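Structure record follows, encoded as structure tokens.
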Amino acid sequence: MTQQLEIANGHLRRELDEKAALSRRLSLLLERLPGGMLELDAEGRVALMNPAAARMLAPLAVGMAWAPFVAEYLNQTSVQDIWLHPKAGDELRLSIVSADVPEEGGQILLVQDLTESWQLQQSLAHHKRLAAMGEMAAGLAHQLRTPLATALLYAGHLAKPALAEPDRLKFSAKALARLRHLESLIQNMLWFVRRQEIPMEPVAMSACLHEAVQTLQPQIDAAAIILKLDVDQPGEVIANRKELLGVFINLLENALQASPPGAVIELSLFFAADFATIDVIDHGKGMPPDVIERLFEPFFTTRKEGTGLGLAIVRNLLDQFGGDIAVSSVLGRGSTFSVKLPVKGDASNV
């Protein structure tokens, strides 16, 4: 019996030594990991965190409640699982992914600092836009030349001493309209090149779409367009309300211009688990495949008075919001523009 107990004790000691060695290796691994790791207990408090997590999420500490920390220190972006953490003189862009531990009722959180890679991506995108400027130069020169020549012509008429007052007012109004068109074109061009970071906020989609419709209601009534709406659904996306409103005004204007008087335009909103889908459908003349391929290129337009920047800016904005836009069209039957935007997440689920 004594001999058997000694053998059993020897096995236990070896197992304990192996577990202690494994524990030391795991502790060393957690300390040296460049990525952060947190363990939350069943009450949502930090039970364990490695040095990388402590560095990225300061002033979070062991024993603190996670949900209040998120509410106070982290700002959600339009991309799922990506959060902004303002720090002294800097702002970190963090990926925070959670996994439940059902056996213990807690969670494991993995944290990765994406700040540097995101900055490199932004810099690369900026350089690509600057490189595209060379290709845009010819288009820009054409876009500027026509309204400028028209404004100069009207200004020349204004210089005639014998010009009647009604004609003077008419020519001055037309010259101002052309100059405002030039100003709008230049502003859009500068926005497209700079593409500065846009502040995000929760946006109620139904209210935003109704506002876009109200803005264009005079044009809709003038063209006797029948507008079918299916947008009364609760739900929010993370975007910028002003810029998002401009996106849908642009898409509805395009649908109006493609539709004959008395035609039907459909606007619908649908919420899924992660994305909201907004469809703008017209039953106008449609577009051939070669036009669809170039539709979002800067300065590409099929309209005489178009700038060719509207849809390019729409796509850039949706990229910043973490969304996307797709188009399908059939000649003679109309077009569908489908926008997808990430829905507002719940901070408590991080």
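Some notes on this structure:
- Test result for residue 262, part of a loop (DSSP other than H, G, I, E, B) and either of a type in the set (Gly, Ala, Ser) or within 17 Å of the chain's Cα centre (by Cα) (or both): yes
Residues are listed down the side, and each one gets a yes or a no for (1) closer than 25 Å to residue 276 by Cβ; (2) among the polar types (S, T, N, Q):
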position: 58; (1), (2): no, no
position: 61; (1), (2): no, no
position: 66; (1), (2): no, no
position: 71; (1), (2): yes, no
position: 75; (1), (2): yes, yes
position: 81; (1), (2): yes, no
position: 96; (1), (2): yes, no
position: 104; (1), (2): no, no
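- Residues of segment 308-331 classified as in contact with a strand residue (DSSP E or B) (Cβ under 8 Å, 6 or more places away or on another chain) and not hydrophobic (A, V, I, L, M, F, W, C), total: 6
- Test: residue in segment 226-241 that is assigned to a helix (DSSP H, G or I) and on the phi < 0 side of the Ramachandran plot: yes
- Number of the condition not met by residue 70 [criteria: (1) touching a residue at least 24 places away in the same chain (Cβ under 8 Å); (2) β-branched (Val, Ile, Thr); (3) touching a strand residue (DSSP E or B) at 6+ places or on another chain (Cβ under 6 Å)]: (3)
- Residue 84 falls short on exactly one of the conditions (1) surrounded by 10 or more Cβ atoms within 10 Å (Cβ to Cβ); (2) in contact (Cβ under 8 Å) with a residue 12 or more places away in the chain; (3) outside any helix (DSSP H, G or I), and that condition is (2).
- Test: residue 92 is surrounded by 17 or more Cβ atoms within 10 Å (Cβ to Cβ), out of contact with any Pro (no Cβ under 6 Å at 6 or more places or on another chain) and without any contact (Cβ under 8 Å) to a residue 40 or more places away in the chain: yes
Read-outs: derived from the displayed coordinates by stated rules, not from any lab. Every value quoted in this text rests on a predicted model; they were computed, and no experiment measured them. All Cβ positions, glycine included, derive from the backbone under ideal geometry; neighbour counts span all protein chains shown.
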